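Here is the structure we will look at.
Readers should treat all values here as calculations from the given coordinates under stated rules, not as data from a laboratory. Note that this is a predicted model, so its numbers are computed, not measured. Glycine gets a Cβ as well: all are built from the backbone with ideal geometry, and neighbour counts include every protein chain shown.
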There are 2 protein chains.
Amino acid sequence: MSLLVTGSIGIDTVKTPYGISENCLGGSAVYFSMAASFFSPVRLLGVIGSDCPFNLAEVFAGRDIDLTGLEVRQHSRTFRWKGTYGDNMDDRRTDCLELNVLAEAPPTVPAEYKDSKFVFLANTTPALQNQLLEQIASPAFVAADTMNCWIEGQLGDLKLLLKKIDCLIINEEEARLLADEFNLIEAGEKVLNMGPSVVIIKKGESGSIMCSAGGERFILPAYPATEVKDPTGAGDGFAGGVMGYLAQCDKTGFESLKTAIGYGTVIASFTIADFSLQGLAAAKKNDIESRFETLKKLTSF
Amino acid sequence: MSLLVTGSIGIDTVKTPYGISENCLGGSAVYFSMAASFFSPVRLLGVIGSDCPFNLAEVFAGRDIDLTGLEVRQHSRTFRWKGTYGDNMDDRRTDCLELNVLAEAPPTVPAEYKDSKFVFLANTTPALQNQLLEQIASPAFVAADTMNCWIEGQLGDLKLLLKKIDCLIINEEEARLLADEFNLIEAGEKVLNMGPSVVIIKKGESGSIMCSAGGERFILPAYPATEVKDPTGAGDGFAGGVMGYLAQCDKTGFESLKTAIGYGTVIASFTIADFSLQGLAAAKKNDIESRFETLKKLTSF
């Protein structure tokens, strides 16, 4: 089933206790696309400046990722992010952020993308997420991400968005902030009352929690990765695994969502194994299946 | 099967964002005993001063907890602890610690306890843990807890102890410190190399991890508790559930250990629901079974 993602494409400089990766390819839509492409064809919608040194067609060669919606905007500069991770690989400091082209008008949804059934609105301003979603004719399942600054600064637009989407995928600090509730289970329930029928809360090294409006819950630990070099993109890789699997099987019931979170968790473990996209790029479909089976075994009792 | 616990019996004053509980009953052996008694008879070994205002026979009335090994030492004062929990209920500050009777000679193992098969050495100096263990004739399965100050200050004695026990149950900071390794899976493997055949790492709100010398691993999230008033005793309640279940079924294979961790996790969720022992005291056997089944369902996919 068709899967559209819209989000950032960026030039990252990332420092972790394991090294530094300068001016490498990053961005939510990039990590998501590569992750989801293990399961389903992906339609990428995003915009870069004329300064972007990466050829995405080459980066994604051999993967079913449609770049019709990739806009190269002349006289604009690509989104850039510099960040440093602390020793625990969980604390992240942004050293430098240049929104550049992300602060301009959003990309236009190409005619070929308008019939997309599965849609992921990666983190950007809620106003923009609303505008982009309006251009999709009749989506079957829409998931979105958001972040602290929009919860604090653009809550009205975010609340509008929450009424239109099926699933919110956020991290634990964001869930606590949005719900004004420390306990994550209670926070999840409060967010469900704002509109979505499913809320997935990412807890980094501690896994994830899912709550549904039907009263169902699921908790899964992170995959016990021993290779961890760069956590950048773990959340977007996770979301890509979740949405890619759902689009592949064209199901969104709670049992399918549980399996999808299992795959998202495994994809995240590959994402963090190396800098930039190297971890994900090195993963093979049978590696993913093998870790999925291991994760099932590790958590069953 | 017989289960012996030796650890502290204390007078606690605990402050959390939900209130304050002054001069209430606490201590590792107390939480452990009540937790384990849901599954198995318990033999408690511990010492209090003549100032102790609590009648443990009354506190444990109706539970199969043998107090033959409870020594009331005249002219000594009972162990006291005052602590404050932060908003996240994970950060704990010790405001005041009086070792009192815990700094004196350890209790003597009564003749009736010497044939104990399952033994839990709750947190105290490793030298004392070694001395206590030597008094048990032929234990079948010995588990122990320890803490940062002994890892830093009495590593020699601790390493001796690790060669004599079957299972170490510690929290994540302690595991990292003992193994000198941040990644918890790697830390678990390193601790296994120090002697025990099983290591269980407690991660508080994020659940627990178990590694065995046979290369088996198990990961379980915490029970998604929405009632959390006082985390004191959660770790000892967890250990009590684990050891109580193992003693009940007289098995220590990896599958039994997984089930035991499930019960320990559930017991911890009752422990934190209220101040001091009130949460555990209010739990009924069928509440425990019901949460155990819920936890299984919540984590299976």
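Quick rundown of the values:
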item	result
Copies compared at B:ALA282 - label distances in nm, ascending, label defined 7 Å from Cα in the Cβ direction	5.1
Under 5 Å, built H, 5+ apart or other chain: amide partners of A:THR124	none
Inter-copy label distances at A:ASN23 (7 Å, Cα→Cβ; nm, one decimal)	7.1
Helix runs (DSSP H) in chain A reaching 18 Å along axis by Cα, Kyte-Doolittle at least -1.0	A:234-249, A:254-271
Shielding by partners, peptide A:219-226 (average Cβ within 10 angstrom, other chains)	6
Estimated dipole of chain B in Debye, rounded to 20 [Cβ of Lys and Arg +1, of Asp and Glu -1, Cα centre]	420
GNM result for chain A, Cα springs below 10 Å: residue of A:ASP230, A:ASP157, A:ASP90 fluctuating most strongly	A:ASP90
Cross-link partners of B:LYS202 among aspartates and glutamates (Cα-Cα below 13 Å; sequence separation of 8 or more within a chain)	B:ASP90, B:ASP145, B:GLU172, B:GLU173, B:GLU174, B:ASP236
Filtered GluC sites (Glu not before Pro), segment A:159-257: DSSP coil and at most 15 other beta carbons within 10 Å	A:GLU227
Span from the segment B:253-285 Cα centroid across to the segment B:102-136 one, whole angstrom	24
Cross-link pairs B:LYS164/B:LYS296; A:LYS297/B:LYS114; A:LYS251/B:LYS297 - those with Cα-Cα distance over 31 Å	B:LYS164/B:LYS296; A:LYS297/B:LYS114
Under 19 Å from A:LYS82, Cα to Cα: lysines that are on another chain or at least 8 residues apart	A:LYS15, A:LYS229
Low-density loop cleavage sites - trypsin sites (Lys or Arg not before Pro) in segment B:234-301, where at most 16 other Cβ are within 10 Å (DSSP)	B:LYS251, B:LYS284
Label point 7 Å beyond Cα along the C-beta direction, distances from A:GLU134 to other copies (nm, shortest first)	8.0
Cα shape, segment A:183-238, gyration tensor, a/c 1.5 rule	prolate
Selection of trypsin sites (Lys or Arg not before Pro), segment B:197-232, meeting DSSP coil and at most 15 other Cβ within 10 Å	none
Under 9 Å, Cβ to Cβ, from A:CYS96 - net charge with Lys/Arg +1 and Asp/Glu -1	0
Karplus-derived 3J(HN,Hα), 6.51/-1.76/1.60, for each residue of segment A:96-107, Hz, glycine and proline x	6, 9, 10, 5, 6, 5, 5, 8, 8, 4, x, x
Rounded, prolate or oblate (a/c below 1.5 giving rounded, otherwise prolate when a/b exceeds b/c) for chain B by Cα gyration tensor	rounded
Shape of segment B:240-301, Cα gyration tensor, a/c cut at 1.5	oblate
Cα-centre dipole for the protein assembly as shown with unit charges at Cβ (Lys and Arg positive, Asp and Glu negative), debye to 20	820
Most mobile listed residue (B:VAL119, B:VAL228, B:VAL59) in chain B, GNM with C-alpha springs under 10 Å	B:VAL59
Whole-Å semi-axes of the protein assembly as shown's equivalent ellipsoid (Cα gyration tensor)	50, 23, 21
Residue-count net charge about B:ILE65 - beta-carbon cut-off 13 Å; Lys, Arg +1, Asp, Glu -1	-1
Within chain A, helix-based [θ] at 222 nm, where runs of 4 or more DSSP H residues each add -39,500 (n - 2.57), nearest 500	-10500 deg cm²/dmol
Kirkwood hydrodynamic radius over Cα pairs of segment B:90-197, then Stokes diffusion coefficient at 20 °C and 1.002 mPa s, in µm²/s	144
Lys/Arg +1, Asp/Glu -1 at C-beta; the protein assembly as shown dipole; positive extreme among A:ALA111, A:LEU160, A:LEU45	A:ALA111
Nearest-to-axis residue of chain B, judged by beta-carbon position, where the axis maps B onto A, in Å	B:SER206, 2
Between segment A:1-68 and segment A:164-228, the Cα center-to-center distance that results, in Å	25
Net +/- balance of residues flanking B:SER50 in space, Cβ distance below 9 Å, scoring K and R +1, D and E -1	+1
